[in-house]
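A.B. asks: Please find one structure pasted underneath; my questions will follow.
The values are calculated or read from the model by the stated rules, or taken from the named source; none is laboratory data. Everything quoted here is computed from the prediction, not taken from an experiment. All Cβ positions, glycine included, derive from the backbone under ideal geometry; neighbour counts span all protein chains shown. Ligands, DNA and RNA are stripped out before the accessible areas are found, and what is left, the full protein with its side chains, is counted by its heavy atoms. Shrake-Rupley method; radii C 1.70, N 1.55, O 1.52, S 1.80 Å.
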Amino acid sequence: QSNWKGDDAGYDALHGWVEKHLGKPRKCSKCGTVKSKIYQWSNVSGKYKRVLSDWQRLCVKCHQRYDYEKFGNRKSFYE
């Protein structure tokens, strides 16, 4: 039996899919830093689509700021 969920894939699976196609982020696309210890893939639209252009590389600080400014205090993956 296959575990493939297509568009119903969860949060971790989608981030894994993005990393598989775009690689590990090593530079923040907002502030430009390359000195952060951690970079993350951030979803632009909040819809978690399997569209590579709907993802951006951010350092943790910019990721938190982006999510707060765009989605408020806490954005639920399943909204």
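A.B. asks: For the stretch 42-62, give me each residue that is assigned to a strand (DSSP E or B) and within 15 Å of CYS28 (Cβ to Cβ).
C.D. replies: Passing the criteria: SER42, TRP55, GLN56, ARG57, LEU58, CYS59.
A.B. asks: Follow-up question, since we're still on this one. So which residues in the stretch 24-51 are on the phi > 0 side of the Ramachandran plot and at pLDDT 95 or above, if there are any at all?
C.D. replies: GLY32
A.B. asks: Report the residue count in the stretch 11-30 for those that are open to solvent by less than 80 Å² (accessible area, probe 1.4 Å), touching a residue at least 24 places away in the same chain (Cβ under 8 Å) and not in a helix (DSSP H, G or I).
C.D. replies: Summing the residues that are open to solvent by less than 80 Å² (accessible area, probe 1.4 Å), touching a residue at least 24 places away in the same chain (Cβ under 8 Å) and not in a helix (DSSP H, G or I) in the stretch 11-30 gives 3.
A.B. asks: Now a separate question. Kindly provide the set of residues from the stretch 63-79 that are modelled with pLDDT of 60 or more and either surrounded by 10 or more Cβ atoms within 10 Å (Cβ to Cβ) or assigned to a loop (DSSP other than H, G, I, E, B) (or both), ordered by number. Can you show your working first?
C.D. replies: Looking only at the stretch 63-79, we keep the residues that are modelled with pLDDT of 60 or more, and these are 63-73.
Matches in the stretch 63-79: HIS63, GLN64, ARG65, TYR66, ASP67, TYR68, LYS70, PHE71, GLY72, ASN73.
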